[in-house]
Structure formats: C-alpha cells, structure tokens
Amino acid sequence: MTPGYSDSKNHPPPAVRRRIVAFAGGVGGAKLAHGLAQILPPEDLTIIVNTGDDFEHLGLYVCPDLDTVCYTLAGLANPETGWGRVSETWNAITNVEKLGGPAWFRLGDQDIATHLERTRRLKEGQTLSQITKDFCKAWGIKHTVLPMSDAPVRTVVVSDEGELAFQEYFVHRRCEPKVKGFRFDGVAGAEAVVGAREAVEAADAIVICPSNPWVSVDPILNVIPLNEWRGTKPVVAVSPIIGGKAVKGPAAKMFDELGIEPSAAAVASHYRTILAGFVLDKADLNMEDQIKKLNIETRVVNTLMNHLTDRTRLADDVLDFIGSL
Ligand code: GDP
Ligand code: CA
C-alpha cells in the first residue's frame with residue numbers, strides 16, 4: 001500500500017491502477033472525493049473544484065467549495081453542516097454584526113484565518129492554485145486539489161427577481177427567488193489551471209461527484225468541457241438527486257423551476273452528451289431503464305453518504321463500475 005495517503009485505514013489498494021479526476025462542488029462533492037481519497041493513492045486522484053461560488057466578503061476572498069473540499073479531506077470539516085470548520089467559534093462575525101456590518105454570510109473564526117491568509121497572498125500576486133497547493137500541504141492533504149481556474153468565474157443566478165450574485169441568491173436570499181437560468185461571468189476567458197487538463201488527459205476515468213449540476217458542476221464543465229476526450233475514457237456521474245429530492249440544497253428546486261421534473265433521470269439527461277455511466281440510488285431503481293435508453297450504462301447502489309464508511313463504500317462502487325465499463 002502506498003504509505004501516507006489520507007486517512008487510509010485498512011482499506012486494501014485497488015487491484016487495478018485507476019487514475020481518476022473528480023469534478024466536485026461543495027458538500028456533496030467533498031463527501032465522495034473524501035471516499036475516493038480513502039482508496040486511491042495521492043498520485044491517482046485529482047479533484048477539480050468549482051470556483052463559480054467564490055466571492056469577496058468583508059474584504060476577504062472566500063472560496064466556499066474549495067474550502068469545503070479541503071476541510072473535508074483534511075478531517076477539519078464540521079460534520080453537522082458539511083461545510084465550515086469543526087469546533088468553530090464565531091467571535092469575529094458576532095462582533096461584525098454588533099458593529100452593523102454584513103453578517104448574513106457566516107464566517108467562523110478559524111475559517112476567517114483561511115480567507116485572511118488567502119486574500120493576503122492573492123494581493124501579493126500569488127495565484128489561487130498556488131495558494132491552494134500550499135494550504136493543502138499545511139493541512140496535510142496528500143491528494144491533488146485544484147481550483148478549476150485561476151481567473152475569476154462568477155455564477156450569476158437569473159431569477160424572477162432579476163440577476164443575483166450566487167451567494168446573494170444562495171445564502172442571503174436562501175434560494176427563495178425562482179431561477180430562470182444561470183450565467184458564469186468570466187468563463188469565456190477563464191483557462192483551466194495548470195495541471196487540470198493534464199490530469200484529465202492522464203486519467204483513466206472522470207467522476208462527476210454528486211454535486212449540484214447547475215451551479216457546481218456546469219461551471220467546471222464550461223472551463224474543462226469533456227467533449228474532446230469523448231470515447232477515450234469514461235465519464236461517470238453520481239446522482240445528487242435521490243427519490244426526486246436533493247439530499248441538501250436547491251438542486252431539485254432548480255430543476256423544477258426550470259421546468260424539468262427533478263429526478264435521477266433528469267440529472268443523467270443533463271449530462272447525457274458526455275456520460276458513459278451513471279450511478280443512481282436504489283430508491284430510483286425504477287429509472288434505470290429510462291437512463292439506459294439514453295445510451296448510458298447504469299449502476300444502482302446506496303448513494304447516501306452519512307458516515308465515512310458510506311463515502312468509502314460509494315467510492316468503491318464507483319471504481320468498480322468504472323472497471324466494468
Ligand atoms: P454545495 O456547493 O455545498 O451546495 O455542494 P455540492 O454542489 O457539491 O452538493 C450539493 C448536492 O449534493 C445536492 O444536490 C445534494 O443533493 C447532493 N448531496 C449531498 N449529500 C449527498 C449524499 O450523501 N449523496 C448524494 N447522492 N448526494 C448528496
Ligand atoms: Ca457551492
């Protein structure tokens with residue numbers, strides 16, 4: 001077994017070497033990425049993370065999805081929320097609020113340290129990918145985590161109440177406005193970070209984690225469209241929708257408001273031009289045939305990840321499925 005890869009406890013290495021690139025958003029993506037990191041040695045897993053949610057708040061550069069993935073891999077994430085830090089305190093934001101400042105985006109004290117140091121380094125001229133690499137080292141993360149781009153990409157929610165910056169919609173307005181569509185400002189000129197395309201090129205398969213298709217995965221697919229590798233390596237997605245509902249967050253509501261009935265099949269259809277395989281939950285077994293008709297192979301397993309063992313089991317299922325394609 002490769003020594004020193006994150007948290008691997010008694011899990012045998014895969015019999016066949018598989019180099020995987022995982023596309024991830026925040027909470028859902030981080031959980032599967034964590035599972036994959038239990039099984040794959042560091043050199044065989046690259047996680048490419050959405051930065052469309054990034055924004056500046058209180059003068060700080062905040063990267064919600066990147067931090068969720070890193071905190072999760074490092075074992076520093078708050079297990080209750082899935083985002084933010086474990087054993088967090090809230091002194092800074094509470095005092096910002098007392099002073100009349102914007103406290104709608106909750107930043108914990110430990111988390112603020114991340115944003116402070118990241119902001120300082122960005123102002124010095126370092127790139128987000130260099131900073132992420134250094135932070136991963138400091139947090140003991142052995143697998144490669146890459147922001148999708150060093151250029152700013154900003155997800156804009158086009159809603160019945162006009163255009164809203166992503167965090168304005170997601171946190172401040174609690175996803176209440178009805179979505180009509182999305183725009184990824186800056187995406188046209190945003191190149192993938194160094195190492196991302198190379199990792200995809202070298203990978204045996206791409207895993208699209210169970211992240212929000214509209215606002216977590218689509219921004220990454222806009223920066224790194226997988227069409228050019230079509231037919232050369234399988235792309236496999238895991239459904240973030242179970243039994244017509246999102247486990248967490250507005251994914252199902254977004255499908256609904258865009259006039260698409262939320263379901264695992266709707267997610268498969270969303271990605272159909274790039275998918276070789278789709279992993280759906282046992283609760284959605286009745287959709288398997290419908291998905292197969294899209295010319296996509298299927299695997300039906302338990303996809304709910306409550307504990308680390310669920311994450312590792314799902315990662316194992318995904319790798320096994322990839323091996324069968
Ligand atoms: P965010 O950026 O923090 O909103 O995170 P993501 O986009 O990565 O994840 C949100 C999606 O993850 C939602 O659509 C959830 O339904 C999905 N999700 C969260 N936990 C799980 C899980 O345990 N299993 C599955 N299949 N999906 C999950
Ligand atoms: Ca996010």
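Descriptive notes on the structure:
- Leading residue by the ranking (farthest from the chain's Cα centre (by Cα)) among those in the stretch 134-152 that are in a helix (DSSP H, G or I) and under 20 Å from D53 (Cβ atoms): F135
- Selection within the stretch 246-261: residues that are surrounded by 21 or more Cβ atoms within 10 Å (Cβ to Cβ) and in contact with a strand residue (DSSP E or B) (Cβ under 6 Å, 6 or more places away or on another chain). The member of this set that is farthest from V301 (Cα to Cα) is M254.
- Within the stretch 165-198, tally of residues that are assigned to a strand (DSSP E or B) and either in contact with a helix residue (DSSP H, G or I) (Cβ under 7 Å, 6 or more places away or on another chain) or crowded, with 19+ Cβ neighbours inside 10 Å (or both): 4
- Enumerated strands (runs of 3 or more DSSP E) restricted to the stretch 19-114, each holding at least 1 residues that are surrounded by 19 or more Cβ atoms within 10 Å (Cβ to Cβ) and near ligand 1 (Cβ under 10 Å from one of its atoms): 20-24, 45-49
- Pairing residues of the stretch 73-100 that are more than 29 Å from A315 (Cα to Cα) and among the aromatic types (F, W, Y) with residues that are at pLDDT 95 or above and not in a helix (DSSP H, G or I), at Cβ distances under 8 Å and at least 6 apart in sequence or on separate chains, gives W90/G108.
- Boolean, D134 is farther than 25 Å from V223 by Cα and either of a type in the set (V, I, T) or free of Cβ contacts under 8 Å to residues at least 60 places away in the same chain (or both): no
- Restricting the stretch 206-245 to residues that are among the basic types (K, R) and assigned to a loop (DSSP other than H, G, I, E, B), the residue that is surrounded by the most Cβ atoms within 10 Å (Cβ to Cβ): K233
Per-residue answers, yes or no, for (1) more than 23 Å from E201 (Cβ to Cβ); (2) modelled with pLDDT under 95; (3) within 14 Å of ligand 2 (Cβ to nearest atom):
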position	(1), (2), (3)
M1	yes, yes, no
P12	yes, yes, no
R17	no, yes, no
L36	no, no, no
L40	no, no, no
E56	yes, no, no
G75	yes, no, no
P79	yes, yes, no
S87	yes, no, no
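- The stretch 246-260: number of residues that are assigned to a loop (DSSP other than H, G, I, E, B) and more than 6 Å from ligand 1 (Cβ to nearest atom): 4
- Among the candidates G181, G186, the residue that is more than 17 Å from I20 (Cβ to Cβ), small (G, A, S), without any contact (Cβ under 8 Å) to a residue 60 or more places away in the chain and away from ligand 2 (no atom under 16 Å from the Cβ) is uniquely G186.
- Top-ranked residue of the stretch 231-261 - restricted to ones that are more than 16 Å from ligand 2 (Cβ to nearest atom) and among the charged types (D, E, K, R), ranked as nearest to L285 (Cα to Cα): K245
- Boolean, W104 is modelled with pLDDT of 95 or more and over 14 Å from D54 (Cα atoms): no
The values are calculated or read from the model by the stated rules, or taken from the named source; none is laboratory data. Since the model is a prediction, treat every value here as computed from it, not as a measurement. We place every Cβ from the backbone using ideal geometry, glycine too, and count neighbours over all the protein chains shown.
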